[in-house]
Amino acid sequence: MKKQLIIDGYNLLGALNSPGLIESQSLESARETLLMALFQYHLRSGYPLTVVFDAWRQRYPVPQTEHRSGVTIVFTRQGERADQVVQRLVRAQGQTCVVVSSDHEILETAQAHGAFVLRSEEFARKLFARDRSVASSRTGSPRLSAHDKCEDNERERRADKKGNPRKLPKKARQRLRTLRKF
């Protein structure tokens, strides 16, 4: 059974806007562009997706849920943040879910409950990987090696440690293996 992806919608939208993957649009049209990309990702990967958007300024007394093409879209109720809904979903599903966000509070909750964490920037690259692979081959941008993907503190090794200094630590290698599945 494939794991459920729980996505902090506006957080992912912010990650997509920073490198310019989604052009400057109104918030509603940018959200619809994101949802279309997520529908395509769902068809490609088969992973069930739940996207949570803040709607606390709207007058929804209860959360609004919509199902479109295998993607569940949740708009929070009035006075509730998307972070709270994502955390509640993570607590309920635990290790059977993958959380897509860059919010530290959400990431800490996800890791505490055994969920796999994908930062919004990482997932944004995966989301548009097929579209960008053609563009990057034209521009000749270099691919990142496994060492470049690893954080600095994982890369540094003490001089008295044994083993191959060029080999990533086991935890980093496991994370890269899991990332390749998405």
Against the condition over 26 Å from LYS171 (Cα atoms), without any contact (Cβ under 8 Å) to a residue 24 or more places away in the chain and assigned to a loop (DSSP other than H, G, I, E, B), how does GLN78 come out, does it pass?
yes
Kindly indicate the residue of the range 95-110 that is under 16 Å from GLU122 (Cα atoms) and among the hydroxyl-bearing types (Ser, Thr, Tyr) and also farthest from the chain's Cα centre (by Cα) among those meeting that condition.
SER102
Would you be able to say whether some residue in the range 86-99 is closer than 21 Å to PRO63 by Cα, of a type in the set (D, E, K, R), surrounded by fewer than 21 Cβ atoms within 10 Å (Cβ to Cβ) and not assigned by TED's automatic domain parsing to the domain that holds THR178?
yes
Exclusive hit being modelled with pLDDT of 80 or more and of a type in the set (Lys, Arg), set LYS149, LYS170, LYS161
LYS170
Could you say which residue among TYR41, TYR47, TYR10 is part of a loop (DSSP other than H, G, I, E, B), at pLDDT 85 or above, under 14 Å from the mean Cα position of the chain (by Cα) and surrounded by 14 or more Cβ atoms within 10 Å (Cβ to Cβ)?
TYR47
Being among the hydrophobic types (A, V, I, L, M, F, W, C), within 17 Å of GLY14 (Cβ to Cβ) and assigned by TED's automatic domain parsing to the domain that holds GLY9, is that true of even one residue in the range 69-81?
no
Quick check: anything in the range 26-38 part of a helix (DSSP H, G or I), modelled with pLDDT under 90 and among the hydroxyl-bearing types (Ser, Thr, Tyr)?
yes
Just to be sure, is LEU107 closer than 18 Å to ALA15 by Cβ and modelled with pLDDT of 85 or more?
yes
Which one of these does LEU89 not meet: (1) modelled with pLDDT of 90 or more; (2) closer than 14 Å to PHE123 by Cα?
(2)
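The values are calculated or read from the model by the stated rules, or taken from the named source; none is laboratory data. The model shown is predicted, which means the values in this text are computed figures rather than measured ones. Backbone-built Cβ (ideal geometry, glycine too); neighbour counts: all protein chains shown.
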